[in-house]
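Data first, discussion second: the structure below is written as structure tokens.
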Amino acid sequence: MDKEQQAGFWKKTGIRYTIFIYFTVSALAVLILGGVALYVQMSRQLTAAVQEENQAVLGQVSRSVDSYLRTIMKLSDSLYYGVIKNANLSVEPANSQITLLYNNNKDSIANIALLSKEGELLESVPAARLKTGLDVTGEEWFGNTLERTDNLHFTTPHVQYIFDNNENQYRWVITLTRAVEITHGTSTDQGILLIDIRYSSLQQILENITLGNQGYLYMIGSDGELIWHPRMQLIGTGQMEENVAAAAAYRDGSYREKYGGEIRDINVKSVGYTGWKLLSVTPEKGLPLNNLKMRLFVVFVVAAFLLVLVLINAFISSRITNPIQELEKSVNAIEAGELDTQVYTGGSYEIRHLGRSIGDMASRIKALMEDIVAEHESKRKSEFDLLQSQINPHFLYNTLDIIVWMIENEQKQEAVKVVTALARFFRISLSKGRSIIPVQDELEHVRNYLMIQQMRFKNKFAYVIDADEEVLNLASLKLMLQPLVENAIYHGMEFMDGDGEIRIKVYQDKEELWFQVSDNGLGMTGEQVDNLLSDKPHMSSRRGSGIGVKNVNERIRLYFGENYGLDIQSEPDEGTIIRIHLPAKAYTETMGRERI
């Protein structure tokens, strides 16, 4: 494959397949080499390491058990040579001295007793008496002890059954017996010293021993009877079996056997002169890797494996990430607002495609932003034109008609007031194209409107405008109050009986500005209130400005945000209250920064 073909191949190959090919080939090669090396080395050292470790553990446990048993034997020597042999039982009992030795060793000793060769209980601590009906002379251990007077005899673990003491009921013990010489006056006779060893004290030595994965240790007597096994209960109930017969026949050393369908390595170690044997069992499938050399070798191989992968990964990463980094620089420039930036289009197929897509997106964003700016300018102009065009001709016609009537009736002063109010009304309506005006201008605008309407309706209603001094220079939306007052006149008072009243109040509450327009007109139902602010088309008064309440609410939200607008409270025959909610901002802060 020549260079041009290679370049064509990599251009068509995506990121996923590039990573897959490189990592698969490199990892496979390293795994094969490392696996072969590990297999050869482990095959050579595994068996020897496990056997050596298990022998060491067995030796340590054997010494612990032997030390424990020697402590018990020293106690028996102290009882025999220090107490029993020097005591004349016909003169004084030896119970107090035996009790003292028992108290010093009661963590490992359950009972101490002295028996005559006829089976009579001479001394006992803490047991009180032999079990009723029990003839100890018929027990196997009793005859063996008297026959072999020079030996110490250990039984296998059993439930204590000799003494009648509730405290010792169902307690597992190992019994040690030895022949002793008992003095009665001037005569001596044979007897038996009996010591019940707590099985739990021996169990504590053995149960915390571990032999790695799936390995375990157990102990048997000289005849193959189990003394301790980690799965003693399972063996006792027949749910598990142990090959004790082969173990009893084998002397110290190691051997391999197949038992229960699996191959196991067995190590055997005798315990002192008791005839007991300690055995370790390690299934072949659970052989641990605990040899220090093996650990170091594995660490070395893993380190080499990781080093190779790091080098390969560095090469692959640079090949993949360099184009992405270049593309990121282009994206950061676009994010900073440089939409004319030349977007990077190198690297693999996906990176090139992504670069072209980002470049196209930047071009479209730039075009859209230009369209939005143009649309905003157009919307600003259209809204201004709309507000001006919404001054209903009927209002202008009726106002001029009032002026003509006043002149004809020689009410020149009144006509001047109306003309002046109309001029101020239109001056503020225009406001040099601004949509945000001071509160005092908005109040002046609605005051001129109310003056004209009051003259038109022949003082059928009165109005009051109340504004705190500190709110007059705050920012307000132009043509906001006039549509609300218009509604109050045409829909609330035109057909009512009696004098109408319109109240306009402006005040500041913390960071909020409130306008309240209230009247004592006919009021509205809840449905009518909902329709005023609903999305349904709303027809304004035929004689009003044409700017609806919904239009005012939408314009407030457009300029100040969704949290602001109108709130209407009304009941039939109770009048209407409309509250306008705006932010309390100084007019000077909003000049030149109108939101469109």
- Query: Under a 1.4 angstrom probe, counting protein chains only, how are L134, L422 ranked by accessible area, largest first?
  - Reply: L134, L422
- In what order, largest first, do T274, T399, T525 sit by accessible area if the probe radius is 1.4 Å? T525, T274, T399
- Item | Separation in nanometres of the label points that stand 7 Å from Cα toward Cβ, at R557 and Y161 | 9.5 nm
- Message: Could you report the accessible area of S518 in Å², rounded to 10, computed with a 1.4 Å probe on the protein chains as they sit in the structure?
- Response: 20 Å²
- Task: Can you pull the one-decimal nm distance between simple spin-label points at Q569 and S357, each 7 Å off the Cα toward Cβ?
- Result: 5.6 nm
- Query: How much of E370 can a 1.4 Å solvent probe reach, expressed as accessible area in Å² and rounded to 10?
  - Reply: 110 Å²
- For the range 48-64, 3J(HN,Hα) per residue [Karplus equation, 6.51 cos²θ - 1.76 cosθ + 1.60, θ = phi - 60°, Hz, x = Gly/Pro]: 4, 5, 5, 5, 5, 5, 5, 4, 5, 5, 4, x, 5, 5, 4, 5, 5
- Once the Cβ-Cβ distance between M240 and A128 is put in as r, and R0 is 30 Å, what FRET efficiency do you end up with, to the nearest 0.05? 0.15
- Item | Environment charge of G224, counting only residues whose C-beta is closer than 12 Å and scoring Lys/Arg +1, Asp/Glu -1 | -2
- Item | Global form of the range 433-511, assessed from the alpha-carbon gyration tensor, a/c cut-off 1.5 | prolate
- Could I have the simple spin-label model distance between A423 and I365, label points 7 Å from Cα toward Cβ, reported in nm to one decimal? 5.5 nm
- Task: Could you state the accessible area per residue of the range 100-252 in Å², with a 1.4 Å probe and every protein chain left in place?
- Result: 51 Å²
- Heads up, I need the accessible area for E326: 1.4 angstrom probe, whole protein in place, Å², nearest 10. 80 Å²
- Item | Which listed pairs, of K417/K585; K505/K585; K417/K460; K505/K550; K85/K131, have C-alpha distances above 23 Å, in listed order | K417/K585; K85/K131
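The values are calculated or read from the model by the stated rules, or taken from the named source; none is laboratory data. Keep in mind that this is a model prediction, so the values were computed, not measured. Methodologically, a virtual Cβ is constructed for each residue, glycine included, from the backbone with ideal geometry; neighbour enumeration extends over all protein chains shown. Quick note on the areas: whole protein, heavy atoms, side chains included, nothing else; ligands and nucleic acids left out. Shrake-Rupley method; radii C 1.70, N 1.55, O 1.52, S 1.80 Å.
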